[in-house]
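What follows draws every value from the coordinates through simple rules; no lab data is involved. Remember, predicted model here, so these are calculated numbers, not experimental data. Neighbour counts are summed over all protein chains in view; Cβ atoms, including those assigned to glycine, are modelled from backbone coordinates with ideal geometry.
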Amino acid sequence: MSIADRETNLKVSGDLEVTVASTMMPCGMARVTMQVLQSATNAHVYEQERRTMTSVTASHFVSRSSYVGSQGSETTANLGQIGLKSQSMTHNGLRSLNMVDKLQFRTQSFAKKSVKKAHATGNDTCGKIVCQQGGMDLVFVATEVGPWSKTGGLGDVLGGLPPAMAARGHRVMTISPRFDQYKDAWDTSVVVQIQVGNKVETVRYYHCYKRGVDRVFVDHPMFLEKVWGKTGSKIYGPAAGEDYQDNLLRFSLFCLAALEAPRVLSLESSKHFSGPYGEDVVFVANDWHTGILPCYLKSMYQSKGVYMNAKVVFCIHNIAYQGRFAFSDFSLLNLPDDYKSSFDFKDGYNKPVKGRKINWLKAGVLEAHRVMTVSPYYAQELVSGEEKGVELDNYLRISGITGIVNGMDVQEWNPATDKYLSIKYEITTVLSAKPLLKEELQAEVGLPVDRDIPVIGFIGRLEEQKGSDILAAAIPMLAKYDMQIVVLGTGKKYMEKQIAELEKKYPDKI
């Protein structure tokens, strides 16, 4: 993939100016993310980094106070499996190399050279930690962190972005719930007591160090006992589209535990950093589950002289999920009444509770020091009106919002080393390998094997926001043509049923 960095200024709806820079690689994403984080920790404007910055910000800011007042896989191919050692032979004896063997042999050599080259390129290499003067202590807080817990893009971003930031010389921690018995995460023996609602709960911290990042997991029965063994489908509720009744308390506990972690955990895994992260950190809170974190930071810590230099960047991955609860539940949050206005919300859709509510996402937008989202285009959408902003567009125009394109983890998505591919490939073998992998996919999903037929793939949640309804409506028309469609995803029950019925109707197509 080529990296073409270009900057274009666009005027959007009068008051908004968009600076768009094209980059889809994690190094680029790390650079622009670092700029947002730096601007959150300093009053003056920093010089922009040489490569890529994307932003959508309100040109007329209203102060918040005035408003409230008003894994990389192994690089060596398994030569035993494909019959290659020091010569071209199989278990049955000597023979000429077939196409698959040739591809694997060439790809193995390419992968080795790529690894050597990567270690020699220094600062330009994502994954290699380069200590820089002025690096920050970054703490990403999210309910999903791939590959340990993931239901969608949030887990992917938290899996790939932190290592890219670590490669830039920052000290980086991620904090997520311990939903399962993660084999690579060890008990730190650190225990803290936290008041949640009218009870005092005890949490433990588990830890592992991967690709330059401290991965921290909050252990409590609210997370482990509900989800254990079924992390992918039961993080937020017993089934898709359903919420656990105690989600408000679960994620309150999680945010409070996350705020304690940088102060109480003395981590020694990195050769570059040691000891606790301390109080001069930037928290990167993600989606509604962490919207309350800046409120707790201000009311429980900064009001007592703790974390005085800490800042919160709040990232919106999907504004459709906002954490709306009954207004009476505000008392369970143990926050001063001063924060009621930040949570107070009138739900126009009367779901899930009719009338006046509290809204965690709204609180995150108003109380964080900076608000960002996953692309410049999505940032434009969120401030374009009530429908796209899901009733929060006015608040986003007040806070301002920055859009940064999600990058791609080039270690995870590397076909030369991908452990899930039976046939590895690289730039010189892609045209030969792809047809073979295509045939393997067709056979695995039960479609007629034909390397010449176009295959369309859809991966995503089955719901209107992802366009699944448009796909389902188009399939009967597409089935008239010589093509095949592979759909992977779960979601709304009626859509799952609709796709299953289309598969039965067009068995050679879907």
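Some points to look at:
- Backbone geometry of the stretch 407-422 corresponds, through the Karplus equation with coefficients 6.51, -1.76 and 1.60 at θ = phi - 60°, to 3J(HN,Hα) couplings of x, 10, 6, 6, 7, 6, 9, 10, x, 6, 10, 5, 5, 8, 8, 6 Hz, x marking Gly and Pro.
- Beta bridges assigned by DSSP with both partners in the stretch 284-430 are antiparallel in approximately 40 percent of cases.
- Violating pairs (Cα-Cα greater than 30 angstrom) within the set Lys438/Lys466; Lys183/Lys357; Lys199/Lys466; Lys199/Lys271; Lys199/Lys311; Lys434/Lys492: Lys183/Lys357; Lys199/Lys466; Lys199/Lys271; Lys434/Lys492
- Using θ = phi - 60° and Karplus 6.51 cos²θ - 1.76 cosθ + 1.60, couplings along the stretch 254-269 (whole Hz; Gly, Pro as x): 4, 5, 5, 5, 5, 5, 7, 4, x, 8, 9, 9, 9, 9, 10, 6
- Each residue in Ser299, Ser189, Ser331, Ser269 was given a count of other beta-carbon atoms within 10 angstrom of its own, and listing them fewest first yields Ser189, Ser331, Ser269, Ser299.
- Per-residue packing, averaged as other Cβ atoms within 10 Å, sorts the ranges 360-370, 277-287 into the order 360-370, 277-287, beginning with the highest.
- Within the stretch 150-194, backbone nitrogen closer than 18 Å to the virtual label 7 Å beyond the Cα of Ser274 toward Cβ: 171-172
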